[in-house]
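The values are calculated or read from the model by the stated rules, or taken from the named source; none is laboratory data. A quick note: this is a predicted structure, and the numbers were derived from the prediction, not measured. Cβ placement follows ideal geometry from the backbone for every residue including glycine, while neighbour counts extend to all protein chains displayed.
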Amino acid sequence: MPTLAITGGEVLRPDLSVECADVLVDRGAGEITAVVAPGEADVPDDTFDASGDLVIPGLVNVHTHVAMTLLRGVADDKPLDAWLQEDIWPLEAAMEPADVRAGARLGCLELIRSGTTAFADMYFHVEAIADAVAESGLRAVLGHTAITAGKDADAGAADVQESLDVARRLDGRADGRIRTTVQPHSLTTVDGEALAELAEGARDLGRPLHYHANETADEVAPIVGDEEQRPLSYAADHGALEPGDWIAHGVHLDDEEIKLLAERDVAVAHCPAANMKLASGMAPIQRCLDAGVTVALGTDGPASNNDLDLLGELSDAALLGKLAADDAAAVDAPTALRMATRNGARALGIDAGRIEPGAAADLAVIDRSAAHLSPGHDPVSDLVYAARGSDVRHTICDGEVLMRDREVVALDGSAVRQKARERAAALVERAGD
Ligand SMILES: [Zn+2]
């Protein structure tokens, strides 16, 4: 029985056509039960009038570090290596679970406000992130990120174990809205033995791997130099490139690696804004798509973006994709939109990203009244090239309303922002001591 309805809106269908329809939802099952012509079915008491609005699948952010909202704006305009070593890692070393909780809450607030309903996160103190996700009502794929570089053997082994433990312990939390991944940080920050152990552990748990790969040229050179093979061939040899896994960035990929991704059904989390900000390079997205690779969209952490607004990321993906291919027809608007919806859901292994009976009731309703969305010739073009997070009016996840008329339901926005400001200031002070 439908218990929630979004009526009278223009609905984005799986083929990216738009039609006026009522969307009916079973809140208990968290599923869309029907998409029908307006007025064709009885609607329940709890009904949104979406007349004049655009109803789209909730957006899927396949690579971020939400707690890094706490580090937003703390250091910018530096290359990746220097940025991590001089600024980010010292601050992260001083982070306590309460900091991660405050940052994750702020991140969840921002995601809901900008129409994202599912995200994949890599970080530490993951219990605190899981608390924020459970509280917010969002869907997430979480994990503890293991690093062995720069650590003694015991500390490295403990980090590997923690990644496996977290993947086992947290999977299925929040009524199943939380799933997990096993996470080597990257192919250069985890040694070969640890990589193989994480991969094997992931297969035993039946959970995928998610890690950074081929983000910068500096990440590729040491593997080519030491191992005499490309990074993704090295990953495959260590059992770390199996169907369902997904890599973040994939900026520096050669044709063989692209072929490997397609053959092995490993998705790429494309993070165009972070790649531009850190001058990491232009990912060969059109080439990946042409080869049959699933490309999905991530914001990366809010310290390298600097926001979690996936609607903004859509235009970055389309624009950078054209520049990389030297072709204005590359990564067109429908392609970019699919990355943030259907492809994202596929990468995360969730049945969402489409408005059809049986799919998860993960939805965002876009207010099309703003000047920058007028006159409204083409809703897909407007979404990709002109819309922004603040155009989202309602957000629904798993059949529950997370934001109604721009009011977030489960999180107290001003308290969340205040707490994050306090924790961020104290963190910077503590790390400076
Ligand atoms: Zn990242």
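Couple of notes before you dig in:
- Which listed residue is buried (at least 24 other Cβ atoms within 10 Å of the Cβ) and away from the ligand (no atom under 15 Å from the Cβ), from Leu297, Leu308, Leu289, Leu261: Leu261
- Counted as qualifying within the stretch 53-139 are the helices (runs of 4 or more DSSP H) with 3 or more residues that are modelled with pLDDT of 95 or more and in contact with a strand residue (DSSP E or B) (Cβ under 8 Å, 6 or more places away or on another chain), namely 97-113, 126-136.
- Tally of residues being under 20 Å from Leu311 (Cα atoms) and away from the ligand (no atom under 16 Å from the Cβ) across the stretch 245-258: 0
Yes/no per residue for (1) under 30 Å from Gly353 (Cα atoms); (2) without any contact (Cβ under 8 Å) to a residue 24 or more places away in the chain:
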{"residue": "Leu70", "(1), (2)": "yes, no"}
{"residue": "Asp77", "(1), (2)": "no, yes"}
{"residue": "Leu84", "(1), (2)": "no, yes"}
{"residue": "Glu92", "(1), (2)": "no, no"}
{"residue": "Asp99", "(1), (2)": "no, no"}
{"residue": "Gly103", "(1), (2)": "yes, no"}
{"residue": "Ile112", "(1), (2)": "yes, no"}
{"residue": "Gly115", "(1), (2)": "yes, no"}
{"residue": "Phe119", "(1), (2)": "yes, no"}
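- Looking across the stretch 230-252, the residues that are at positive phi and under 17 Å from the mean Cα position of the chain (by Cα) come down to Gly244, His249, Gly250.
- The stretch 1-46, residues that are modelled with pLDDT of 95 or more, farther than 17 Å from Asp398 by Cβ and among the charged types (D, E, K, R): Glu10, Arg13, Asp15, Glu19, Asp22
- Within the stretch 203-223, restricting attention to residues that are assigned to a strand (DSSP E or B) and not small (Gly, Ala, Ser), the residue that is nearest to the ligand (Cβ to nearest atom) is His212.
- Residue list for the stretch 158-188, filter: touching a Gly at 6+ places or on another chain (Cβ under 8 Å) and of a type in the set (Ser, Thr, Tyr): Ser163, Thr180, Thr181
- Matching residues, the stretch 265-286, being more than 15 Å from the ligand (Cβ to nearest atom), under 18 Å from the mean Cα position of the chain (by Cα) and under 20 Å from Ala328 (Cβ atoms): Ile285
- Selection of helices (runs of 4 or more DSSP H) fully inside the stretch 281-383 by the criterion of at least 2 residues being among the small types (Gly, Ala, Ser) returns 310-325, 333-340, 342-348.
- Looking across the stretch 383-410, just one residue is under 18 Å from the mean Cα position of the chain (by Cα) and among the acidic types (Asp, Glu), and that is Asp398.
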